[in-house]
1. Being touching a residue at least 60 places away in the same chain (Cβ under 8 Å), at negative phi and more than 17 Å from the chain's Cα centre (by Cα) is true for just one of 33, 16. Which residue is that?
2. Return the pairs, sorted by first residue and then second, in which the second residue is at pLDDT below 90, the first residue lies in the range 150-166 and is over 18 Å from residue 10 (Cβ atoms), the beta carbons are less than 8 Å apart, and the residues are 6+ apart or on different chains.
3. Looking at 141, 205, 185, which is the one that is touching a residue at least 24 places away in the same chain (Cβ under 8 Å), more than 23 Å from residue 24 (Cα to Cα), in contact with a helix residue (DSSP H, G or I) (Cβ under 6 Å, 6 or more places away or on another chain) and surrounded by 13 or more Cβ atoms within 10 Å (Cβ to Cβ)?
4. Can you tell me which residue is nearest to residue 104 (Cα to Cα) among those in the range 44-61 that are modelled with pLDDT of 95 or more and surrounded by fewer than 18 Cβ atoms within 10 Å (Cβ to Cβ)?
5. Could you pull out the residue among 117, 129, 133 that is modelled with pLDDT of 95 or more, assigned to a loop (DSSP other than H, G, I, E, B) and either on the phi < 0 side of the Ramachandran plot or over 13 Å from the mean Cα position of the chain (by Cα) (or both)?
6. Criterion first (under 15 Å from the mean Cα position of the chain (by Cα), at pLDDT below 95 and at negative phi) does residue 106 satisfy it?
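The values are calculated or read from the model by the stated rules, or taken from the named source; none is laboratory data. Source: prediction; values computed, not measured. Cβ sites come from the backbone with ideal geometry, for glycine too, and all protein chains shown count toward neighbours.
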């Protein structure tokens, strides 16, 4: 009987922010920065407000605590093969905020130059509704699928249980959720149609040798 093996898994991790006070402090810091810089910047975002990438500085202690949590998540999923028991690497974080209202979205993109990326949801903007028509899902794209589907768009690879593998994963955000994924993984945000404001924080983690490495 043929042996079926699955190769090259792509990890992603979902965790939660435990502190209600910390989430509130993040929102306050983001609101303060948005009031100072109402235009923000335009990168992958369609509509909505995108801060500069210096949130680790203007966000204060609560932003540094969030960056530390992302680094802990990354450490749990990363191995220094030349020093497995004591990694020689640390992380340099880059952080920014996004505020989205109805009609906002993010195009598919990657984060070149980083190893891990994360998004933390300060407010999902759904205001307690579970209506799927409100959109705003985080989309993660299988990096293998575009090339395969160019020749046979109706075919799918089978998974361990024999069912078709998904070529795109959809994650519905919720307040306090943190998602970590490799920075090379293409991701996007579906158009958001909630009545509230979606407030999120994005983090890039760049590996760097420690001074004692």
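1. Numbers: 16 fails: more than 17 Å from the chain's Cα centre (by Cα).
On inspection, the qualifying residue turns out to be 33.
2. Listed by first residue and then by second, the contacts come to 155/148; 155/149.
3. Working: 141 fails: in contact with a helix residue (DSSP H, G or I) (Cβ under 6 Å, 6 or more places away or on another chain); 185 fails: in contact with a helix residue (DSSP H, G or I) (Cβ under 6 Å, 6 or more places away or on another chain).
Only one candidate qualifies: 205.
4. Filtering the range 44-61 for residues that are modelled with pLDDT of 95 or more and surrounded by fewer than 18 Cβ atoms within 10 Å (Cβ to Cβ), the one nearest to residue 104 (Cα to Cα) comes out as 52.
5. Just a single option satisfies the conditions, and that option is 129.
6. For residue 106, the condition - under 15 Å from the mean Cα position of the chain (by Cα), at pLDDT below 95 and at negative phi - is met.
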